[in-house]
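Each remark here refers to the structure printed beneath this line.
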Amino acid sequence: MDPVLSVKQLSGGYSRQRPILHDVSFEMKAGELVGLVGLNGAGKSTTIKHILGLLDPFSGEIRINGRTLREDKTAFRKSMAYVPELPELYEQMTLEEHLQLTAMAYHLQQDEYAQRSSALLKLFHMEKKKHWFPIHFSKGMRQKVMIMCAFLVRPDLYIVDEPFVGLDPLGIQSLLDLMTDMKKSGAAILMSTHILTTAEQYCDRFIILHDGRIAVQGTLDQIRRQFGDVNANLHEIYLAVARGETQWMQ
Amino acid sequence: MDAMSMLWEKRRRETFQMQLRYWNLIGRNSGLMFFLYAMILIGGFYYKKWLDTLPSHFPGVLLISVLVALACAHAPVRTFTARADLVFLLPAEAELDRYFRKSRRYSFLMQSAFLLILWILCAPLYFHTTGYGNQSFLMGAAALLLVKGWNIDCSWQELFIRDTQVLRFLRTGLTFFWIYFVLSHQAWFVSVVCAAVMGCVSYLLFHRQADFGLLNWRKLLESDQRQAMQFLRFANLFTDVPRLRRRMHARRLISRFFPVRRFERRTVFEQIFIKTFLRSDEYLGMYMRLTVIGILLGFFLNIGLFSVFLVLSIVYLTGLQLVPLWQHPFPQALAGLYPLTHQEKSRPFVQLTALLLSGQSVIVSAATGFGTRSFAGFLVFLGAGVGVSLLFSFVYLGKRVQLEN
């Protein structure tokens, strides 16, 4: 079976003179939750922008379900949903209209939309705010709007960028439950985050980015073994990478 | 109509309504409207006088061609996109063809209107230097519209291409040559060859590269944002406009002259105003532009002591455009939480505008003095300019700022 997402020898960034990513390769299978971890400026967001097709790779290629963006733009873009790091919302639209717009862009059926949106609104306790304008919401509530829009779609691949910041504990738990459900039904989720303890509990695999390269990737056990300390937690390993203590990687 | 076309129509309508509201406010600002009418009348008068003094070999067509070519080559596509489109419309990118086609058509119409106005303004000079008649004028208009359409198409393709500098240069050059050939009545085959080259460039360079590229959403959003800002900044001259996202420039060279020297409370806003003036994209450029216009007009426009009105207008216009600096959004902490009094904010602002306007008065007066070759004239201009600068900042702004306390 084709991996849901395959990134092969990706080099890229905003300008050719200053590439940010160097030779990044990884794959994601259906039903996997992968944590993308790295310091600020390590290249997490750039990687995500390349996967979304907002940036064009300098070399290498990105396939979703075996297809590149150039081969089939519609299928490529429709097979993923994205939760950005900072909520991006329309000031002139209500919460419900945001959900409807998403349904329109992804061509959902009316009954699918009705059923999923009411479930999501309930899960995030936003039923009463359906007709409010999210631009006036707090950061956490706006983040919930973005999450609901993405999970309304049920695509094969979710790209979730730093979703926990600003969410209340209930919201975090709802999101985690939702991700677990989607995983079970076969979706792949790529999540970038700094909240390592949560990531440790929920992610199946990790990709640790450092200076635009993949420093190390694998399951926590694999990374621990490579690190040479089976009791080390992700936090310690991450700090070692960030401090440049990388002898153990070779 | 499909959903995306409807979305486009909705956004266009909303933008129109927003602009209409601002036009309404602008129309009500009678002082400025009067000033503009006066400028137009005086401008028209001197335009005619200037034409009469032109030597017979004056390169009028060349000058017009450069002007009009620049207006043609500047062909950004207005798409009415918002940052949230990166999330919500991205999955439907393949269905946005019609949406973007509407955007191109709209941009063509709007920019053509502006272009025709410019062409009409150039007409007296064109008739005067060439002696051609109305038919040439209409032919010129048609040629301009054609090349505008070509530029819009090319500038759209540029959004799919990674390195566009050379292409833009080529596009501007070809636009200029085409316009110049048509306006100066070169042999017909010269224009035909030029058009053929344009067609080839369009097909071989622009379309072929673009077909292979991906739509650069970031560039698209930035360009649209910039175009939206242009109108808002214009409206902001007349009334307060709630802010959009802004761009900042580091301007390391100039900023180095204004380091933080003392940790005193009164220097807090001094620093903020200076750095905002220097680094924000709306003040320094405006200040330089108006100063240069003042220098050029003052030096070349020989109207003796009447130049004093020129100096005053420049200073007044600059002053008006500096007013929004006061309301420039500062971090929330500074808006009330820092232990700073109102005076510690208002005084540096008034002083800075006084300094900037007086400095401008000195420069423009000097240029005008040189132009009129009279030292006494220079003193009059300088006196008037500095006088208005001080009045504007200490009296007018001082009051206006005080009201907000």
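Numbers for the structure displayed
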quantity	calculated
Members of the range B:75-107 that are surrounded by 15 or more Cβ atoms within 10 Å (Cβ to Cβ) and away from chain A (no Cβ under 14 Å)	B:A75, B:P76, B:V77, B:R78, B:T79, B:K102, B:S103, B:R104, B:Y106, B:S107
Candidate set from the range B:205-229 (those that are aliphatic (A, V, I, L, M) and under 18 Å from B:D153 (Cβ atoms)); member that is nearest to the other protein chains (Cβ to nearest Cβ)	B:L215
Matching entry among A:G60, A:G53 (being in contact with a Leu (Cβ under 9 Å, 6 or more places away or on another chain), farther than 23 Å from A:E162 by Cα and surrounded by 16 or more Cβ atoms within 10 Å (Cβ to Cβ))	A:G60
Qualifying helices (runs of 4 or more DSSP H) (wholly inside the range B:19-111; at least 2 residues being farther than 30 Å from B:F176 by Cα)	B:30-53, B:85-88
Conditions (1) assigned to a helix (DSSP H, G or I); (2) more than 28 Å from the chain's Cα centre (by Cα); number of the one not met by B:Y338	(1)
Of all residues making up the range A:145-183, the number that are surrounded by fewer than 22 Cβ atoms within 10 Å (Cβ to Cβ) and away from every other protein chain (no Cβ under 14 Å)	20
Breaking point among (1) touching a residue at least 40 places away in the same chain (Cβ under 8 Å); (2) assigned to a helix (DSSP H, G or I), for A:I223	(1)
Evaluation of A:D56 against (1) of a type in the set (D, E); (2) more than 9 Å from chain B (Cβ to nearest Cβ); (3) out of contact with any strand residue (DSSP E or B) (no Cβ under 6 Å at 6 or more places or on another chain) (one fails), failing number	(2)
Tally, over the range A:149-162, of residues that are under 20 Å from A:V34 (Cα atoms) and not in a loop (DSSP other than H, G, I, E, B)	8
Matching residues in the range B:375-395 - criterion: being in contact (Cβ under 8 Å) with a residue 12 or more places away in the chain and not hydrophobic (A, V, I, L, M, F, W, C)	B:G377, B:G385, B:S389, B:S393
Test for B:I179: is it away from every other protein chain (no Cβ under 14 Å), under 30 Å from B:Y283 (Cα atoms) and either without any contact (Cβ under 8 Å) to a residue 40 or more places away in the chain or assigned to a helix (DSSP H, G or I) (or both)	no
Filtered residues of the range A:1-24 (kept if in contact with a strand residue (DSSP E or B) (Cβ under 6 Å, 6 or more places away or on another chain), small (G, A, S) and farther than 23 Å from A:H194 by Cβ)	A:S6, A:S11
Every residue from the range A:69-91 that is over 16 Å from B:A94 (Cα atoms), facing chain B (nearest Cβ under 7 Å) and not hydroxyl-bearing (S, T, Y)	A:P84, A:E88, A:L89
Any chance A:V230 is outside any helix (DSSP H, G or I) and under 30 Å from A:L99 (Cβ atoms)	no
Which listed residue is in a helix (DSSP H, G or I) and closer than 26 Å to B:F234 by Cα, from B:L290, B:L305	B:L290
Qualifying positions in the range A:193-207 - of a type in the set (A, V, I, L, M, F, W, C) and either in contact with a Lys or Arg (Cβ under 8 Å, 6 or more places away or on another chain) or over 18 Å from A:L167 (Cα atoms) (or both)	A:C203, A:F206, A:I207
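Since every read-out is calculated from the coordinates, none of them should be taken as a lab result. Every value quoted in this text rests on a predicted model; they were computed, and no experiment measured them. Note: ideal-geometry Cβ built from the backbone for every residue, glycine included; neighbour counts use all protein chains shown.
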